[in-house]
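Take a look at the structure below.
Nothing in this text is a laboratory measurement; each read-out follows from the coordinates by a stated rule. All figures in this text were calculated on a predicted structure; none of them were measured in a lab. Here Cβ is always computed from backbone atoms with ideal geometry, including for glycine, and neighbour counts include all displayed protein chains.
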Amino acid sequence: MTARESAVEMVRLAAEAADATGGEDIVALDVSEPLPLADAFLLVTGRSERNVAAIADAIEDKLLEAGHKRIRREGRQESRWILLDFGDLVAHVFHEQERVFYGLERLWKDCPVIPVELAGNTTGD
């Protein structure tokens with residue numbers, strides 16, 4: 001099983017929004033095989049709490065604008081790790097220290113990477 005095309009499109013939109021607001025180390029993982037509830041995770045790093053909140057807001061706005069409904073949002077108050085659940089896509093926006101500490105890339109290392117193209121760059125290859 002692989003991520004549906006609609007989930008890959010959501011990843012693209014969310015990654016563009018994250019990149020436009022200063023998101024760094026953007027990685028998308030196809031978690032459709034081990035998880036029945038989501039197709040993709042998007043991992044993004046922000047440099048400060050304010051940056052983390054801005055990245056999460058931009059992702060949410062972009063996906064809502066495209067007609068995707070947010071199911072859940074967690075972590076906005078502290079803005080150290082904000083989780084945005086859009087069903088097929090779960091976006092994790094981390095402060096850099098939390099990203100290193102929780103190491104989701106290590107936990108999901110067996111999942112394929114979804115390539116993300118950003119302004120002439122390709123990440124996740």
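Quick notes
- A Förster radius of 25 Å, combined with the Cβ-Cβ distance separating residue 69 from residue 117, puts the computed FRET efficiency at roughly 0.50.
- Bins of 5 Å, starting at 0 and running to the largest distance - Cα pair percent for the chain: 2, 13, 24, 26, 22, 11, 2, 0
- If only the Cβ of Lys and Arg carry +1 and only the Cβ of Asp and Glu carry -1, the dipole of the stretch 5-117 around its Cα centre is close to 380 debye.
- Selected from 31, 7, 48, residue furthest toward positive end of dipole (the chain; charges at beta carbon): 48
- Qualifying trypsin sites (Lys or Arg not before Pro) in the stretch 28-91, where qualification requires a DSSP coil assignment and no more than 13 other C-beta atoms within 10 Å, comprise 47, 69.
- Residue-averaged 222 nm ellipticity for the chain, from DSSP H runs of 4+ at -39500 (n - 2.57), nearest 500: -10500 deg cm²/dmol
- Computed from the alpha carbon positions, the gyration tensor of the stretch 31-104 leads to an equivalent ellipsoid with semi-axes of 20, 16, 9 Å, biggest first.
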